[in-house]
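Here is the structure we will look at.
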Amino acid sequence: MKKLFLLVAIFAIAGFAVIAQDAPAAAGKDAKGDAGKARAEQMKAMYIEHLKETDPAKFEELKKLKEENPEEFKKQVEELKAKAKENFDKEVDAMKELIEKYRQEKTDEALAAVKAKMQEYAQKRIESQKKRLAEMEKKLEEAKTKLAEEEKNIQAKIDERLKQIAEGNEPRDKKGDKDAKPEKQEQKAE
């Protein structure tokens, strides 16, 4: 039983290490096409959301900086990502040390330390997933509410639009609006 547990722990650590080593490649220019770039962007967005929870002041500072100075924003985000990777690497190294200690000592206490660390990591991951799920559920409810409002008001909007057209008023000039005047569409193209 202990050997099975140890094998699971080793594979989990190896998986963490592979993910940590692949992260810089996924974020680089040599990443595997659009999927690698998309994954890097997704990870950056997730980290920024994590920052929103852990350091709201820094999050607001970055949010403001993104608008005012995008290059400095990118630089600071990269620095924060590097620090996060460094912390992750330290955790992986700590886990490897616990496993090595168990291999040398073969004691129940050393195995219990490995188990405790694995449980800690698993709990952190579960809590993070629960938070993300709650955020997704909140966004879903907001989208449903917005859609319900649009459905409720659609006939009034259509009636207002038809009234404007019947009165000879200018139709709204929206992108893709076929009723828009040609000169306005040409101005948009310039």
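The values are calculated or read from the model by the stated rules, or taken from the named source; none is laboratory data. Everything quoted here is computed from the prediction, not taken from an experiment. Positions of Cβ are generated from backbone atoms using ideal geometry, with glycine treated the same way; all protein chains shown enter the neighbour counts.
Data for the structure
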item	result
Options Lys178, Lys174, Lys188, Lys163: the member that is part of a helix (DSSP H, G or I), over 30 Å from Met46 (Cα atoms) and at pLDDT below 90	Lys188
Any hit, segment 65-81, residues being assigned to a loop (DSSP other than H, G, I, E, B), surrounded by 11 or more Cβ atoms within 10 Å (Cβ to Cβ) and not hydroxyl-bearing (Ser, Thr, Tyr)	yes
Boolean, Lys115 is touching a helix residue (DSSP H, G or I) at 6+ places or on another chain (Cβ under 8 Å) and touching a residue at least 60 places away in the same chain (Cβ under 8 Å)	yes
Counted residues, segment 18-39 - those being surrounded by 11 or more Cβ atoms within 10 Å (Cβ to Cβ) and modelled with pLDDT of 75 or more	4
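Each row is one residue, and each column tells you yes or no for (1) surrounded by 11 or more Cβ atoms within 10 Å (Cβ to Cβ); (2) closer than 26 Å to Ala40 by Cα; (3) touching a Gly at 6+ places or on another chain (Cβ under 8 Å); (4) of a type in the set (Val, Ile, Thr).
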{"residue": "Lys83", "(1), (2), (3), (4)": "no, yes, no, no"}
{"residue": "Glu91", "(1), (2), (3), (4)": "yes, yes, no, no"}
{"residue": "Glu105", "(1), (2), (3), (4)": "yes, no, no, no"}
{"residue": "Ala113", "(1), (2), (3), (4)": "yes, no, no, no"}
{"residue": "Gln119", "(1), (2), (3), (4)": "no, no, no, no"}
{"residue": "Lys139", "(1), (2), (3), (4)": "no, yes, no, no"}
